[in-house]
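Report on the structure given below.
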């Protein structure tokens, strides 16, 4: 197995998968819950960290597992950004978590992506090719886990950006 220079580490506890299964059973695609993106904002909370060359964006502050965010919301936002080429040189995009003031900004120059967060003074600087390769790996792994763990969740309208990303990048 190859060692990757940059890794987006993530985990979702079992009770969060249970909560998502319950939500899918109660709320069909195109339901008010789905159209209002409530699942995206309130389901699948887990730990996420960005690790590069022995440094972690969050590991030193929030513990070894990183920061707790909605992995679903972060994934949809990254899929939208990737599809809209927000990681091309000279572009930037910001992930804003709904339930607090957390913002994670991704700013791209010719060679690198700078990852900064409102709750961190340091930033990670990642080679652009390593960053984009890992974003694809991260998103494909989240999609695969959602399909495996929560039947029907990927059919929600709010998951459209992830489905579109999957069709173009995950090689089903």
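Worth pointing out:
- From the coordinates shown, semi-axes √(5λ) of the Cα gyration tensor in Å corresponds to which of [x] 26, 18, 15; [y] 68, 12, 11; [z] 38, 28, 15: [x]
- The value of relative contact order for the stretch 6-169, using C-alpha pairs under 8 Å at least six residues apart, is 23 percent.
- A prolate overall shape is assigned to the stretch 1-56, the ratio a/c of its alpha-carbon gyration tensor axes (a ≥ b ≥ c) being 1.5 or greater and a/b exceeding b/c.
- Acute angle (nearest 10 degrees) that the helix 160-169 long axis makes with the longest principal axis of the chain, alpha-carbon atoms: 60 degrees
- Once you reduce the stretch 101-150 and the stretch 1-50 to the center of their Cα atoms, the two points are 16 Å from each other.
- Potential lengthening between residue 28 and residue 130 on full extension [0.36 nm per residue; Cα-Cα distance subtracted]: 33.0 nm
- Choice from 56, 21, 133 showing the highest fluctuation, given a GNM over the chain with Cα pairs closer than 10 Å: 133
- Stretching residue 111 away from residue 21 to a fully extended chain increases their span by 28.3 nm, per 0.36 nm per residue minus the current alpha-carbon distance.
- Relative to the longest principal axis of the Cα atoms of the chain, the long axis of helix 14-26 makes an angle of roughly 40 degrees.
No lab work stands behind these numbers, since they all come straight from the coordinates. Bear in mind the structure is a predicted one, so any value in this text is a computation, not a measurement.
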